[in-house]
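The values are calculated or read from the model by the stated rules, or taken from the named source; none is laboratory data. Please read all numbers here as calculations on a predicted model, not as lab measurements. Cβ: placed from backbone, ideal geometry, glycine included. Neighbour counts: every protein chain shown. Surface accessibility is based on the protein's heavy atoms, side chains included, excluding ligands, DNA and RNA. Shrake-Rupley method; radii C 1.70, N 1.55, O 1.52, S 1.80 Å.
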Amino acid sequence: MNGTIRANIKPGSHVKIVLKKDQRTGTLTEGIVKDLLTSAPKHHRGIKVRLQDGQIGRVQEILE
């Protein structure tokens with residue numbers, strides 16, 4: 001699913017995000033969403049979220 005649309009992501013969703021420090025390399029980090037930090041309904045680079053382990057990044061993929 002598309003990580004640029006806020007309605008697709010809910011707390012508890014299993015996602016892959018790109019951290020700020022990994023934006024150049026595109027390395028993805030997997031985790032469970034704790035909070036949604038982007039308030040806009042969509043964002044072209046991905047919705048910003050906080051994972052349960054505290055890491056913050058933009059959603060690139062939503063896993064089933």
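So the values come out like this:
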quantity: Residues in the range 1-17 that a label on GLU30 would reach, taking backbone N under 16 Å of a point 7 Å out along Cα→Cβ; calculated: 1, 13-17
quantity: Accessible area (Å², per residue) of the chain, counting only protein heavy atoms and a probe of 1.4 Å; calculated: 64 Å²
quantity: Total charge dipole magnitude, the range 17-64, about the Cα centre, Cβ charges on Lys, Arg, Asp, Glu only, Debye to nearest 20; calculated: 340 debye
quantity: Reciprocal mean inverse distance between Cα atoms of the chain - Kirkwood radius, Å; calculated: 11.1 Å
quantity: Neighbourhood net charge (15 Å Cβ-Cβ; Lys/Arg +1, Asp/Glu -1) for ILE56; calculated: +4
quantity: Proximal charge balance of PRO11 [Cβ under 13 Å; K/R count +1, D/E count -1]; calculated: +3
quantity: Amide hydrogen neighbours beyond the local backbone of LYS42, cut-off 5 Å, H modeled; calculated: ARG6
